[in-house]
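Undergrad: Submitted below is the structure of interest, expressed as structure tokens.
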Amino acid sequence: MINLPNVQSTASNSLSDCQTAASSFRTTINYTASNITGTTGMNATCSASGIVCPGQTINGVCIWQRKLSAVCRNASGVIKIRIQTNGLPPRCASVPMGSFAELNVDFEVNFNPDVSINSLNSNLNTVSSLSQTLCTLTSASTAPSASGFVNYGTTGLTTATGVSVDGVMIFTPDSTNNIDPFFPPAGGTAETVDSCLAHCQAAGIYHYHIASGCQVNPPTGNITSCAANSSCISNIATYSISSFLSYQTKTVIGIAKDGHVIYGPYLSSGTQVTTGFDVCNGMFYDSIGNYAYFATSTYPYLVGCFGPGNYPLFGPTCTTNGVSSYNMSSYASSFWNSSTTTSMSVRISLDTGLILVFISAFISLY
């Protein structure tokens, strides 16, 4: 391999940048609490008929309090964001069986840390390594050390990749069987979700595996299951993207455990993100060097691993809705090119480890 200089780009990670992202969260308090579950939240109500209630049922009405805080601070020049949530949504949820628990999620992380395409956090250069990483429920249990992640809460976060702006957890893109929960390979069984594309796991943690317009625009009144919604059940990935038709711009939908922002499926230009992302579903999306995760209609949908990652010419084996290859965004390509200091134009195929060198020089033959 050729050792390229590690040229770091400078991301938008000032205190005001952090506060702008934090303002997208539907917070119930504007400070960091000693214990988020002990704060006074905001009531949400639903008909208790046919659903598991995460709060109290009074006269046939399920009532609970959602609690959420997103606070930024300057820690000796490093901007950090602290997220606290009890995990309960600001809207109805269709949880027909099992448990639906209040959580105590509380973590702090460096906000939008500088990263470089020449220094990858995830370099998955074989089908086996790609599939093993993306197709493992606990693959995102540990955030990169440079993110400064600290967990203060009592709720375990081994299967979580981040928190949505509505306070609901975002999980890795895998079912308990370590396959795509919506488009499993042959022999797998798809999991059920409600029409906001969320559900509870065995311990009662309500969570997303895929983006939903409910994150930014919570519906009122009771909601159905996905199975009872013809558009949802016909193709959940298409339904996911269609739920953002009123948000066709770069829209914050969450924060990942590595401190990078999670956006909806559109760029500021109104273009849907269908390419340019790496194996982790992250993308360098501007000339400054900002890196973020974007909602896509293909697996892993939100955050598959912690990036930056590489761009192999193959996809994972645990889904029938993955991409067959990955491509750099134009910005990623420009950052990579800028690291070449010789007179050669070098392109590295990170997925196979092969290096193709094209010498752009005139050679005199005698």
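The values are calculated or read from the model by the stated rules, or taken from the named source; none is laboratory data. Source: prediction; values computed, not measured. Positions of Cβ are generated from backbone atoms using ideal geometry, with glycine treated the same way; all protein chains shown enter the neighbour counts.
Undergrad: Over 24 Å from Gly87 (Cβ atoms) and basic (Lys, Arg) - does that describe any residue in region 241-250?
TA: Yes, the conditions are met somewhere in region 241-250.
Undergrad: Which one of Ala70, Ala22, Ala11 is closer than 22 Å to His260 by Cβ and at pLDDT below 95?
TA: The conditions single out Ala11.
Undergrad: How many residues are touching a helix residue (DSSP H, G or I) at 6+ places or on another chain (Cβ under 9 Å) and charged (D, E, K, R) when one looks only at region 164-203?
TA: Number satisfying all stated conditions: 3.
Undergrad: Filter the strands (runs of 3 or more DSSP E) completely within region 24-107 down to those with at least 2 residues that are free of Cβ contacts under 8 Å to residues at least 60 places away in the same chain.
TA: 42-47, 56-58, 61-66, 68-75
Undergrad: Taking only pairs six or more apart or across chains, which ones have beta-carbon atoms under 6 Å, a first residue in region 322-334 that is free of Cβ contacts under 8 Å to residues at least 40 places away in the same chain, and a second residue that is among the aliphatic types (A, V, I, L, M)?
TA: Going by the 6 Å Cβ cut-off, the qualifying pairs are Ser325/Leu313.
Undergrad: Mind counting the residues in region 277-301 that are crowded, with 21+ Cβ neighbours inside 10 Å and assigned to a loop (DSSP other than H, G, I, E, B)?
TA: Residues flagged as crowded, with 21+ Cβ neighbours inside 10 Å and assigned to a loop (DSSP other than H, G, I, E, B) within region 277-301 amount to 13.
Undergrad: Is it the case that region 247-267 has a residue that's touching a Cys at 6+ places or on another chain (Cβ under 7 Å) and either among the hydroxyl-bearing types (Ser, Thr, Tyr) or at negative phi (or both)?
TA: no
Undergrad: Would you call Asp180 under 19 Å from Val71 (Cα atoms) and either touching a His at 6+ places or on another chain (Cβ under 7 Å) or in a loop (DSSP other than H, G, I, E, B) (or both)?
TA: When the stated conditions are applied, Asp180 does not pass them.
Undergrad: Tell me, yes or no, whether region 234-241 has at least one residue that is crowded, with 24+ Cβ neighbours inside 10 Å, among the hydroxyl-bearing types (Ser, Thr, Tyr) and farther than 21 Å from Leu124 by Cβ.
TA: Checked region 234-241: at least one residue is crowded, with 24+ Cβ neighbours inside 10 Å, among the hydroxyl-bearing types (Ser, Thr, Tyr) and farther than 21 Å from Leu124 by Cβ.
Undergrad: Then there is this: Please specify each residue of region 220-275 satisfying the condition of being of a type in the set (A, V, I, L, M) and in a strand (DSSP E or B).
TA: The answer is Val252, Ile253, Ile255, Ala256, Val261, Ile262.
Undergrad: Additional query: Name the one entry in Asn217, Asn112, Asn125 that is closer than 21 Å to Gly315 by Cβ, of a type in the set (S, T, N, Q), in a loop (DSSP other than H, G, I, E, B) and modelled with pLDDT of 95 or more.
TA: Asn125
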